[in-house]
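Engineer: Below is the structure I would like to discuss, written out as structure tokens.
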Amino acid sequence: MSDALGTKHLLGIDDLTADDIDLVFRTADGFKEVLARPIKKVPSLRDITVANLFFENSTRTRISFELAEKRLSADVVNFSSSTSSTKKGETLIDTVNNILSMKVDMVVMRHADPGAGVFLSRHVDACIINAGDGTHEHPTQALLDAYSIREKLGRVEGVKVAIVGDILHSRVALSNVLCLRKLGAQVMLCGPTTLMPHHAKDLGVRIAHDLDEALRWCDVANMLRIQLERQGGDGIANFPSLREYAMLFGLDRRRYEAIGKDIVIMHPGPINRGVEITSDVADSASSIILHQVENGVAVRMAVLFLLAGGMDRQPRP
Ligand code: NCD
């Protein structure tokens, strides 16, 4: 069993093999144990500087990465586009090269354009971690989601996972499908036809347009947020109203109880309470939503640690 990843960057889930993902999980197990200690810090990345470049809004992913970096003792610089020179017209490569010339080793980037991380990895000399590129991928979210399923159910292989909601605009959905299938889970995508991408049928998943059918089938339901900021028009161009969406695709207590079995409830956050999920389900004993957030730090520590281990480092004076 190898103790190194076969990739220099984490741009999408396909950078990782199933063995790589297993290595990330086993490394995260160790870091979870560190995070339970009174002093939640190890010196592993003491000689590494990480830049968190967030060209798109984020709360939990940004904080989760920053905490992961600090708990590994990395030096951290943060940048968000609302306060940066990108507003003055600077290109992405110029911005990043300027930051790298201050001797930054790793870049964690969130960007509105799909493929922004791949583009950057071809033009700059640093390890790049994709923290969400438009509607494309969000690999560390998929890793922490699969890790949370493994923690709750003891395995991922053979588990039936329904991913429900705005599949069309979700980077979490694609990364989850790729990651879960690599680990041998069965995946169903469920949502209105207008929020289901045409390529969904090529992903090797089941497709449903009826939430009750999906809930009866699955062991785990991952309820995605309606991405209001990506719908265009008045924010609900792809369905008649939020009320109708909630009636047909929202998970509430009545619907949960009608399934007649326990299923695990997940959500990547932020939640539109009362739209894709009601508070009585989101905050119930079946929900592992806050465990996902907690596991996010350990999984991101594992990714940073393993990628840093594979970097060519200059000898230090
Ligand atoms: C997700 C994202 O940004 O893609 N959130 C997250 O990373 N925690 C999902 C979402 O925004 O709905």
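The values are calculated or read from the model by the stated rules, or taken from the named source; none is laboratory data. Here the structure is a predicted model, which means the values were calculated and not measured. Neighbour counts are summed over all protein chains in view; Cβ atoms, including those assigned to glycine, are modelled from backbone coordinates with ideal geometry. Note: accessible area is taken over every heavy atom of the protein model, side chains too, but ligands, DNA and RNA are not part of it. Shrake-Rupley method; radii C 1.70, N 1.55, O 1.52, S 1.80 Å.
Engineer: Just the residues that are at pLDDT below 95, of a type in the set (D, E, K, R) and in a loop (DSSP other than H, G, I, E, B), please, taken from the stretch 228-257.
Structural biologist: D234
Engineer: Conditions first: (1) assigned to a strand (DSSP E or B); (2) within 16 Å of the ligand (Cβ to nearest atom). V187 passes all but one, so which condition is the exception?
Structural biologist: Failed condition: (2).
Engineer: Further question: If I filter the stretch 241-254 for residues that are of a type in the set (S, T, N, Q) and within 16 Å of the ligand (Cβ to nearest atom), do I get at least one hit?
Structural biologist: Looking only at the stretch 241-254, we keep the residues that are of a type in the set (S, T, N, Q), and these are 241.
Cutting the leftovers down to within 16 Å of the ligand (Cβ to nearest atom) gives us none.
No: the stretch 241-254 contains no residue that is of a type in the set (S, T, N, Q) and within 16 Å of the ligand (Cβ to nearest atom).
Engineer: How many of the residues making up the stretch 157-166 are surrounded by fewer than 24 Cβ atoms within 10 Å (Cβ to Cβ) and either under 16 Å from H291 (Cβ atoms) or within 15 Å of the ligand (Cβ to nearest atom) (or both)?
Structural biologist: Taking the stretch 157-166 first, the residues surrounded by fewer than 24 Cβ atoms within 10 Å (Cβ to Cβ) are 157-160.
Now narrow it down to the ones that are either under 16 Å from H291 (Cβ atoms) or within 15 Å of the ligand (Cβ to nearest atom) (or both): 159.
Number of matching residues: 1.
Engineer: Would you say I226 is β-branched (V, I, T) and open to solvent by 40 Å² or more (accessible area, probe 1.4 Å)? Talk me through it step by step, then tell me what you get.
Structural biologist: Working: β-branched (V, I, T): yes; open to solvent by 40 Å² or more (accessible area, probe 1.4 Å): no.
In short, no.
Engineer: Next up: Name, by its number, the condition in (1) over 21 Å from H136 (Cα atoms); (2) modelled with pLDDT of 95 or more; (3) open to solvent by 80 Å² or more (accessible area, probe 1.4 Å) that does not hold for D3.
Structural biologist: Every condition holds for D3 apart from (2).
Engineer: Six or more apart or on different chains, Cβ atoms under 6 Å: show the pairs whose first residue is in the stretch 267-291 and within 13 Å of the ligand (Cβ to nearest atom) and assigned to a strand (DSSP E or B) and whose second is among the hydrophobic types (A, V, I, L, M, F, W, C) and at pLDDT 95 or above.
Structural biologist: Listed pairs, sorted by first residue: I277/M223; I277/L251.
Matching residues to (1) within 30 Å of L228 (Cβ to Cβ); (2) open to solvent by less than 10 Å² (accessible area, probe 1.4 Å):
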residue: I99; (1), (2): no, no
residue: F119; (1), (2): yes, no
residue: A126; (1), (2): no, yes
residue: D133; (1), (2): yes, yes
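Engineer: Across the stretch 34-67, what is the total count of residues that are β-branched (V, I, T) and either touching a Lys or Arg at 6+ places or on another chain (Cβ under 8 Å) or buried (at least 21 other Cβ atoms within 10 Å of the Cβ) (or both)? Quick ask: steps written out before the conclusion?
Structural biologist: Keep residues of the stretch 34-67 that are β-branched (V, I, T), which gives 34, 39, 42, 48-50, 59, 61, 63.
Restricting the remaining residues to those that are either touching a Lys or Arg at 6+ places or on another chain (Cβ under 8 Å) or buried (at least 21 other Cβ atoms within 10 Å of the Cβ) (or both) gives 34, 42, 48-50, 61.
Result for the stretch 34-67: 6.
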